[in-house]
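Enquirer: Quick one: the structure is below, and I'll ask about it shortly.
The values are calculated or read from the model by the stated rules, or taken from the named source; none is laboratory data. Fair warning: this is a prediction, and the values are worked out from it, not measured in the lab. With ideal geometry, Cβ positions are generated from the backbone for all residues, glycine too; neighbour counts draw on all protein chains shown. These area figures cover heavy atoms from the full protein model, side chains too; ligands, DNA and RNA do not enter into them. Shrake-Rupley method; radii C 1.70, N 1.55, O 1.52, S 1.80 Å.
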Amino acid sequence: QVQLVESGGGSVQAGGSLRLSCTVSGYSYSAACMGWFRQAPGKEREGVARRDSFASTTYADSVKGRFTISRDNAKNILYLQMNSLKPEDTAMYYCAADLYRRCYTIPDSGFGYWGQGTQVTVSS
């Protein structure tokens, strides 16, 4: 059974950094697309960044220049390096994967698998 597990969340002061990780298990190949999403209380889920197996990346405007998505294709591990964190970045962060489709073809709600989330809290 395919599972995604996030780690690396926590509490940090504004301007600080965190690195999130997402590990895929139950699948022996590189997922075609993996991405990060976040959801703050009372708000809709927001796409943060995504990266496909050919290293094509897409970022939300709100995180460009501050966040970097990367992945280890061989091990199916997805990372999100978050720098210059702001209180507005506070949210539950989820990773998602689609095993077969390229990222540019997938709507935010269309990923096949999701992790349980890891909380990121940024204080001012």
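Enquirer: Within region 91-111, identify whether any single residue is buried (at least 16 other Cβ atoms within 10 Å of the Cβ) and touching a Pro at 6+ places or on another chain (Cβ under 9 Å), and answer yes or no. So that I can check it myself, show each step before the final result.
Expert: Just the residues of region 91-111 that are buried (at least 16 other Cβ atoms within 10 Å of the Cβ), to begin with: 91-99, 103, 106, 111.
Cutting the leftovers down to touching a Pro at 6+ places or on another chain (Cβ under 9 Å) gives us 91-92.
Scanning region 91-111, I find at least one residue that is buried (at least 16 other Cβ atoms within 10 Å of the Cβ) and touching a Pro at 6+ places or on another chain (Cβ under 9 Å), so the answer is yes.
Enquirer: Taking the residues in region 16-34 that are part of a loop (DSSP other than H, G, I, E, B) and either free of Cβ contacts under 8 Å to residues at least 24 places away in the same chain or touching a strand residue (DSSP E or B) at 6+ places or on another chain (Cβ under 9 Å) (or both) as candidates, determine which candidate is nearest to Asn83 (Cα to Cα).
Expert: Narrowing region 16-34 to residues part of a loop (DSSP other than H, G, I, E, B): 16-17, 26-32.
Of the ones still in play, those that are also either free of Cβ contacts under 8 Å to residues at least 24 places away in the same chain or touching a strand residue (DSSP E or B) at 6+ places or on another chain (Cβ under 9 Å) (or both) are 16-17, 26-28, 30-32.
On the way: Gly16: 6, Ser17: 4, Gly26: 31, Tyr27: 30, Ser28: 31, Ser30: 26, Ala31: 26, Ala32: 26 Å.
Result: Ser17.
Enquirer: Within region 27-70, which residues are open to solvent by 60 Å² or more (accessible area, probe 1.4 Å) and either of a type in the set (Val, Ile, Thr) or within 15 Å of Leu99 (Cα to Cα) (or both)?
Expert: Ser28, Tyr29, Phe54, Thr58, Thr68
Enquirer: Across region 39-54, what is the total count of residues that are in a strand (DSSP E or B) and not polar (S, T, N, Q)? Show your work before the answer.
Expert: Filtering region 39-54 for residues in a strand (DSSP E or B) gives 39, 46-52.
Keeping just the survivors that are not polar (S, T, N, Q) gives 46-52.
Result for region 39-54: 7.
Enquirer: Restricting attention to region 57-64, does a residue exist that is farther than 15 Å from Glu6 by Cα, in contact with a Gly (Cβ under 9 Å, 6 or more places away or on another chain) and among the aromatic types (Phe, Trp, Tyr)? Let's see the steps before the verdict.
Expert: Narrowing region 57-64 to residues farther than 15 Å from Glu6 by Cα: 57-64.
Pick out the ones that are also in contact with a Gly (Cβ under 9 Å, 6 or more places away or on another chain) and you get 58-60.
Add one more test, that the residue is among the aromatic types (Phe, Trp, Tyr), and what stays is 59.
Yes, because at least one residue in region 57-64 is farther than 15 Å from Glu6 by Cα, in contact with a Gly (Cβ under 9 Å, 6 or more places away or on another chain) and among the aromatic types (Phe, Trp, Tyr).
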